[in-house]
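K.L.:
Starting off with a structure, shown below.
The values are calculated or read from the model by the stated rules, or taken from the named source; none is laboratory data. Please read these numbers as outputs of a predicted model, since none were measured by experiment. Neighbour counts run over all protein chains shown; Cβ positions are idealised from the backbone, glycine included. With ligands, DNA and RNA removed, areas are computed over all heavy atoms of the protein, side chains included. Shrake-Rupley method; radii C 1.70, N 1.55, O 1.52, S 1.80 Å.
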Amino acid sequence: MARRRRHRFEEHANHESWAIPYGDLMTLLLAFFVVMYAISSVNEGKYRVLSDSMVAAFRGTPLTDPVWIGQKQSAGGTLSPLNQVLLQGPPKPLPQPKPVVAPPNPQAAALQQMAAGIEDAMRSLIDANLVVVRRHDNWVEVEIKTDILFPSGVARLSPEAGPVFALLADALKPFPNQIRVEGHTDNRPIKTAAFPSNWELSAGRAASVVHLLTSQGMDPQRLSVVAYSEFRPLKTNTTEDGRNANRRVVLIIVSDAPGAGAQQLDSVDSTSADNPAPAPAPGAMASVARAVAAP
């Protein structure tokens, strides 16, 4: 019996095996993009309903039913309610709140009224540059040249000072404000038995003014005395005009607002290089009596 020859077939490699995972990959990518599209798609109908509702809320215009997806316009080309509202113009502006106006400050008004009274009472001396009235937010400053109040090197008031402070006291008495009386001198040294230095001279002159004000009916509890000697000059002491400007008595009248008084007086500085006192007018010293007596 012939021996059957066995044929051995050679196995061939499958070169198309990549197509199966590739197809699976494409299927998964398709499914992924379908899911992403479903998530990202906007419900236009709900969006339009929301838009129309917001327009109606802010404008107060009644709207008709919204146009849903797939709804066609009529033959006349009717616009959607939202477009109709937009064509009516911009929305009406919301009412603006009225600005809050702070109530007037009665203390500041009283202070300005008092300053006006002082200026009216001492107009002739102000015009002669013998008295200067300066208004501030919380205080009024009244500066008087000591040349019309005291002789040189003396703290006793001259006869011409009586009418001056009588006018000033009449303007100040109706008001309860605290008053600080400051004495200032120039830098020329003084050394006498009564005044060893300009400190004593400035203090004595301020005290003399306080005594004269109290004699005119001012409440002494409203008054205080401060001496600055030569150390708060308005101008340079190298000229006669500068020394004349530095010799002065200053009254600081502060606001009667709550918390004023001594603490506010301590924070006030009457010396201001930006607002120097003007020099007295020529011939003013010879006509002080006439200026005081003028109506």
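K.L.:
Excluding ligands, DNA and RNA, what is the solvent-accessible area per residue of the stretch 170-231 at a probe of 1.4 Å, expressed in Å²?
P.N.:
With all protein chains present, the stretch 170-231 gives 47 Å² per residue.
K.L.:
Something else now. Give me the net charge of ALA169's neighbourhood, meaning all other residues with Cβ under 13 Å from the Cβ of ALA169; Lys, Arg count +1, Asp, Glu -1.
P.N.:
Charge balance near ALA169 sits at 0.
K.L.:
For GLU119, what accessible surface area do you get with a 1.4 Å probe? Give it in Å², rounded to 10.
P.N.:
The accessible area of GLU119 comes to roughly 40 Å².
K.L.:
Another question about this same structure. Can you order the peptides 218-228, 188-198 by their average number of other Cβ atoms within 10 Å per residue, highest first?
P.N.:
218-228, 188-198
K.L.:
Starting from the Cα-Cα distance between PHE231 and SER17, subtract it from 0.36 nm times their residue separation and give me the gain in nm to one decimal.
P.N.:
Taking 0.36 nm per residue and subtracting the Cα distance, the gain is 66.2 nm.
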